[in-house]
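Read through the structure below, which is laid out as structure tokens, and then see the notes.
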Amino acid sequence: MPSRTFRIGKWYFPVCSRCTGVYLGIFLCYLITNFLHVNYTVYLVCIATVVTAPTFIDAISQLFGFRESNNVLRFSTGLLAGFGLVIIAKSIKLYLGIHWSLIS
């Protein structure tokens, strides 16, 4: 839907602004976590879960017609969700890696 995506001149992005934010958040978080040491604690995973929640709240409230979202809000909540999803995915990977090595 052209109204839900960014455009440069007459060219529209191939994905919506929320997905653009998620993709950029994922990329930036992987970039940052590869250069900095991150201690993946339960507290960090809880924060990551909390920062993904606004994306779902924004999407669901827009889906059911409670309000109309805009591209800046979609992008910013998507960016937060991208960071949160990477932290959750890396935490699961570390958790399974530790427990898998104990089993084998």
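The values are calculated or read from the model by the stated rules, or taken from the named source; none is laboratory data. Since this is a predicted model, take the numbers as computed values, not measurements. So basically every Cβ, Gly included, is an ideal-geometry build from the backbone, and we count neighbours across all protein chains shown. Surface areas here come from the heavy atoms of the whole protein model, side chains and all, with no ligands, DNA or RNA. Shrake-Rupley method; radii C 1.70, N 1.55, O 1.52, S 1.80 Å.
Okay, here's what the table says:
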item	result
Fraction in percent of alpha-carbon pairs per bin - 5 Å, the range 29-104	3, 15, 20, 19, 14, 12, 8, 5, 3, 1, 0
Probe 1.4 Å - accessible area at ILE32, Å² to nearest ten	80 Å²
Residue with peak Gaussian network fluctuation, the chain [Cα springs, cutoff 10 Å], from THR41, THR55, THR20	THR41
Per-residue SASA entry for PHE56, accessible area with 1.4 Å probe, Å² rounded to 10	120 Å²
Extension reserve of the THR41-SER61 stretch, reckoned as 0.36 nm per residue once the Cα distance is removed	4.1 nm
Rounded to the nearest 10 Å², the accessible area of TYR23 at probe 1.4 Å	130 Å²
On Cα atoms only, tilt of 17-35 relative to the major axis of the chain in degrees	30 degrees
0 to 90° range, to nearest 10: angle between helix 42-63 axis and the chain longest Cα axis	20 degrees
Heavy-atom SASA rank of TYR40, TYR12 (probe 1.4 Å, accessible area, largest first)	TYR12, TYR40
Charge dipole (debye, nearest 20) of the chain; +1 at Cβ of Lys and Arg, -1 at Cβ of Asp and Glu	260 debye
Length added when fully stretched, ILE8-VAL50, from 0.36 nm per residue minus Cα-Cα	11.9 nm
